[in-house]
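What follows is a single structure, written as structure tokens, with notes after it.
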Amino acid sequence: MLTVTGRIAGSDGPGVARFDAAMLAALPRRSFATSTIWTEGVQSFSGVELRSLIDHLGVTGGTLKITAVNDYSVQIPVSEVVAGGALLADLRDGKPMKVRDKGPLWLVYPYDSAPEFRNEIVYSRSVWQVDRIEVLP
């Protein structure tokens with residue numbers, strides 16, 4: 001479901017960690033409800049906070065290159081990944097997301113919770129169909 005490579009304390013060997021749905025579900029989870037510019041109305045999202053994932057992997061600096069199934073990618077400085085921010089959501093409205101519905105993982109932010117989550121930079125970082133993350137120096 002998700003492969004993380006690069007500057008990490010990898011679980012599958014040096015620099016590589018692979019997560020299936022059960023492994024992601026075992027990490028600390030968070031949920032929030034928010035509207036998005038891509039969907040209608042308020043949606044409920046549940047998943048692993050990006051900050052929790054990188055803490056779990058021992059990432060302390062650098063840049064995250066987050067890539068989707070279609071190879072769309074964005075780069076996010078680790079210093080900008082904060083608790084209460086980005087969520088690697090695997091559930092929307094309590095149901096697993098399929099690829100055609102922006103799943104299986106969608107990097108979403110609590111857009112309605114604060115103005116800093118409603119800008120072009122954050123919207124561009126809201127990658128759906130995430131399948132890999134590379135930790136760059």
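The values are calculated or read from the model by the stated rules, or taken from the named source; none is laboratory data. Everything quoted here is computed from the prediction, not taken from an experiment. All Cβ positions, even for glycine, are placed from backbone atoms using ideal geometry, and neighbour counts span all protein chains on display. Accessible surface is based on the protein model in full, side chains and every heavy atom, while ligands, DNA and RNA are left aside. Shrake-Rupley method; radii C 1.70, N 1.55, O 1.52, S 1.80 Å.
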Would you say Val135 is within 11 Å of Leu88 (Cα to Cα), surrounded by 19 or more Cβ atoms within 10 Å (Cβ to Cβ) and β-branched (Val, Ile, Thr)? no
Looking only at the range 63-79, which residues are among the hydroxyl-bearing types (Ser, Thr, Tyr) and either within 11 Å of the chain's Cα centre (by Cα) or part of a loop (DSSP other than H, G, I, E, B) (or both)? Thr67, Tyr72
Scope the range 44-62; condition within 14 Å of the chain's Cα centre (by Cα), in contact (Cβ under 8 Å) with a residue 40 or more places away in the chain and in a strand (DSSP E or B); matching residues: Phe45, Ser46, Gly47, Val48
Please work out if Thr34 is touching a residue at least 12 places away in the same chain (Cβ under 8 Å) and open to solvent by less than 20 Å² (accessible area, probe 1.4 Å). yes
Return the pair list, or none, for Cβ contacts closer than 6 Å from residues in the range 16-27 that are farther than 16 Å from Pro96 by Cα to residues that are of a type in the set (Gly, Ala, Ser) and open to solvent by 70 Å² or more (accessible area, probe 1.4 Å), at least 6 apart or on different chains. Ala17/Ser11
Here the qualifying pairs (Cβ atoms under 6 Å; residues six or more apart or on different chains; first in the range 115-137 and on the phi < 0 side of the Ramachandran plot; second open to solvent by 40 Å² or more (accessible area, probe 1.4 Å)) come out as Trp128/Lys102; Asp131/Val69; Arg132/Thr3; Glu134/Thr5; Glu134/Lys65; Val135/Arg7; Leu136/Lys65
Residues located in the range 75-92, provided they are surrounded by 13 or more Cβ atoms within 10 Å (Cβ to Cβ) and either on the phi > 0 side of the Ramachandran plot or in contact with an Asp or Glu (Cβ under 8 Å, 6 or more places away or on another chain) (or both): Gly84, Gly85, Ala86, Leu87, Leu88, Arg92
Output for the range 12-40, where each listed residue is closer than 16 Å to Arg132 by Cα, touching a helix residue (DSSP H, G or I) at 6+ places or on another chain (Cβ under 9 Å) and not in a strand (DSSP E or B): Leu24
Answer yes or no: is there a residue in the range 41-48 that is surrounded by fewer than 14 Cβ atoms within 10 Å (Cβ to Cβ) and under 16 Å from Ile133 (Cβ atoms). no
Among the residues of the range 93-130, write down those that are assigned to a loop (DSSP other than H, G, I, E, B), surrounded by 12 or more Cβ atoms within 10 Å (Cβ to Cβ) and of a type in the set (A, V, I, L, M). Met97, Leu105, Val127
Boolean, Ala114 is more than 11 Å from the chain's Cα centre (by Cα) and over 24 Å from Ala22 (Cα atoms): yes
